[in-house]
Amino acid sequence: MGFRKDFLWGGDISAAQCEGAWNEDGRGPTETDYMTCGDASKQREVTFKNADGSYGKLPVLITSKLPKGAKYATIEGEYYPNRMAIDHYHHMEEDLALFAEMGFKSLNLTISWARIFPNGYKNGVNLAGVNFYRKELEECKKYGIEPIVTLYKYDMPVYYIEEMGGWTNRELIQEFLEFSRVCFTEFKGLVKYWITFNEINIINMIGKIHPEYSKQELFEELHNQLVASAKAVQLAHEIDSNNLIGCMNAGAVHYPFTCNPQDVILSQKRMQDDLFYTADIQVRGHYPSYSDRIWKDNGVILNISKEDKEDLLKGKADFCAFSYYNSNCVATSTKEGEKTAGNLSSGKKNPYLKSSDWGWQIDPEGLKYILHTLYDRYQLPLLIVENGLGAHDTLNADKSIHDQYHIEYMKAHITKMKEAVDEGVDLLGYTMWSCIDLCAASTGQISKRYGFIYIDVDDEGNGTYNRYRKDSFYWYKQVIETNGERLD
């Protein structure tokens, strides 16, 4: 059977991780602009200034919280990689030309909320931000690249956190809706595929990694985001009936570490906790039957109004998008097995799998597993919007980059994608993460390189910022030209 003729081959970029230009053309700061750089053993931190004038740091949670009275602040001697990133803002046309050279059919990109509303919708639209994204989307269309636009991806404007307290404040639902309205209206006709929130289920995983964080507030934040997403889906359909709006979840795959029935039940619960809880709501339009168990386990009481329930039901997703990088093993016994790392998740080390330089276990079979799992469960078209390998690349004297490890990673995963499609899964496309080197969300490092295109810059911002094609660039070009038939 193979992939559909209009399969959306492409790649992924993120405003917060690639644009830079953090204080240019009216853009307001975001929380990512105050995140330091980490590495495989050192967590990123957010820096701020307390009301008494003292400075502080908190571990990055991919959520919006500061101590009472604190404001985001720059600490001398710290480096903030997202502020410059790879300077895509000033290299946009060059970068899109390179994507077009590879033959991209699609590009998943994000729109920075802080470029559109730096200080909330009541303080007006930043037209320079609107014009930048219109130009970027027009460039996509010029090359026949179908844009897939994600509205929110880990880049909350500072204004909403400092002045409104972040996503625990229900007023942010309306703020997000007004941001969405501008995007749906201004870019009507330029965008068909939209995604409301990137990896919305990540909030669920934070509580496991940082038990000191209030579970009650986490679930309130998540509920408000789910309602905001559902309202945005309705609005998108009202503004343009051609719009297709997807949900997007981190593809959490949890295997039982042993055949002990308790491990099997635990893996089932973890899949419910980390993936199905949010995906079920966004696809089916209501909280699932096991929600009471999850709330009880976390000591949470949610106030879900009749209006919220109606909005969730009316705002069901048109397609189901997800990211996939690795799988995890879970066990009821704390004595067995080594721990491993992952995308805001951790578990027991699977002895049958190899790991990346950052400890993420490489599991192509897990991609096939989640494709079948999601399609069997929802019977909606699926879209893989993130899948890739972070690795150390070497820029040689002749400016070549031999990254066979990237090729082998994608070859293995695309092979399993094709198997799933041949077995009946309806898959719209594959936009790998990331088509160009950028700041890794987990560490802030550019040296954790995912892309087909090498950016000459290090983790301290030193370099020419020149773009160079890797071996994988030419390999992926061939994959697209043959619609996934040639993977050699």
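When peptides 312-324, 458-470, 137-149, 194-206 are sorted by average Cβ neighbour count within 10 Å, with the highest value leading, the order is 194-206, 312-324, 137-149, 458-470. Shape class of the stretch 71-227 from the alpha-carbon gyration tensor: prolate, with a/c at 1.5 or above and a/b greater than b/c. How big is the gap, in Å, between the Cα center of the stretch 207-276 and the Cα center of the stretch 99-119? Centre-to-centre distance over Cα atoms comes out at 24 Å. Averaging the sequence gap over all C-alpha pairs within less than 8 Å and six or more residues apart, then dividing by the number of residues, gives the stretch 78-230 a relative contact order of 25 percent. Need one word for the stretch 162-278: rounded, prolate or oblate. Basis is the Cα gyration tensor (sqrt eigenvalues a ≥ b ≥ c); a/c below 1.5 gives rounded, then a/b vs b/c decides. It comes out oblate by the Cα gyration axes. The simple Förster model, with R0 at 51 Å and r as the Cβ-Cβ distance, assigns residue 306 and residue 402 a FRET efficiency of 0.30. Within the stretch 33-95, list the GluC sites (Glu not before Pro) lying in a DSSP loop whose Cβ has at most 12 other Cβ atoms in a 10 Å radius. Taking the stretch 33-95 and a limit of 12 other Cβ atoms within 10 Å, the loop GluC sites (Glu not before Pro) found are 76.
Among the trypsin sites (Lys or Arg not before Pro) in the stretch 366-401, those located in a DSSP loop and surrounded by at most 16 other Cβ atoms within 10 Å of their own Cβ are 399.
Prolate is the label for the stretch 356-456, because a/c, from the alpha-carbon gyration tensor with a ≥ b ≥ c as root eigenvalues, is 1.5 or above and a/b exceeds b/c. Modelled this way, with points 7 Å down the Cα-to-C-beta line, the labels at residue 71 and residue 260 are 5.3 nm from one another. Listed by Cβ neighbour count within 10 Å, with the fewest neighbours leading, 185, 332, 278 appear as 185, 332, 278.
The mean sequence separation of alpha-carbon pairs under 8 Å and at least six residues apart, normalised by the residue count of the chain, gives a relative contact order of 18 percent. Here the gap between residue 379 and residue 134, fully extended at 0.36 nm per residue and compared with their Cα-Cα distance, gives a gain of 84.9 nm.
Applying 0.36 nm per residue to the separation of residue 214 and residue 119 and subtracting their alpha-carbon distance, the gain on full extension is 31.5 nm. For the pair residue 94 and residue 57 in one chain, pulling the backbone fully straight at 0.36 nm per residue adds 9.7 nm over the alpha carbon distance.
Simple rule: put +1 on each Lys or Arg Cβ and -1 on each Asp or Glu Cβ in the chain, find the dipole, and look at 262, 431, 324; the Cα lying farthest toward the positive end is 262. Annotation note: GluC sites (Glu not before Pro) in the stretch 387-444 located in DSSP loop regions with a Cβ neighbour count of at most 12 within 10 Å are 423. Dipole magnitude for the stretch 72-116: about 240 debye, using +1 per Lys or Arg Cβ and -1 per Asp or Glu Cβ, origin at the Cα centre.
Taking every DSSP bridge with both residues inside the chain, close to 30 percent are antiparallel. With the helix formula -39500 (n - 2.57) applied to DSSP H stretches of n ≥ 4, the chain reaches a computed 222 nm mean residue ellipticity of -11000 deg cm²/dmol. Residues 443, 431, ranked from the fewest to the most other C-beta atoms within 10 Å, line up as 443, 431.
Straight-distance candidates among the lysines for linking to residue 192, with alpha-carbon spacing under 21 Å and chain neighbours fewer than 8 residues away dropped: 5, 105, 135, 141, 142, 153, 231, 314, 316. Between amide H atoms placed 1.01 Å from N, distances below 5 Å from residue 319 occur with 245, 246, 247, all of them 5 or more places distant or on a separate chain.
Since every read-out is calculated from the coordinates, none of them should be taken as a lab result. Every value quoted in this text rests on a predicted model; they were computed, and no experiment measured them. Cβ atoms come from the backbone with ideal geometry, glycine included; neighbour counts cover every protein chain shown.
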